[in-house]
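Here, each number is a calculation from the coordinates, and none is a lab measurement. Worth saying up front: this structure is predicted, and the values here are computed from it rather than measured.
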């Protein structure tokens, strides 16, 4: 089995952390710069997957002045690399005005022209609040107050 080079793991983590540093200052373009033209994006506040960098840019443009974060942390990041593909998974914790939000995150990276770029992002709430079970047995998920943007 091929083992990822430590440089590949560190490069992917550096791209992700750099994008989050910019995000925490209200600059969402860090994630746009880190994303490939073919990126796709899921989060629990969207009804469908976003396809392509223009769609991701349009989403981020809507949230541009709404980003507020006091602190953030990538918890237990794990990178698995195979050839020119890498998968980064981690728990993400952010604090905003005394409120803590926890996420599960998956980023798939592809090395293209020597650079690691995000080709897939998936956000989910770590422990979504479940409403009481209504008659008929269906459970309804309640949405958190703010997306990870």
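Between the range 34-63 and the range 16-30, how many Å separate their Cα centres? Computed from Cα coordinates, the inter-centre distance equals 15 Å. In terms of its C-alpha gyration tensor, the range 1-61 has an oblate overall shape, because the principal axis ratio a/c (a ≥ b ≥ c, square roots of the eigenvalues) is not below 1.5 and a/b does not outweigh b/c. Across the range 6-125, the fraction of Cα-Cα pairs farther apart than 24 Å, rounded to a whole number, is 21%.
Contact order for the range 6-125, expressed relative to its length and based on alpha carbon pairs under 8 Å spaced 6+ residues apart, stands at 24 percent. If you sort the three axes of the alpha carbon gyration tensor as a ≥ b ≥ c, you get a/c of 1.5 or more for the range 42-95 and a/b no higher than b/c, which makes it oblate.
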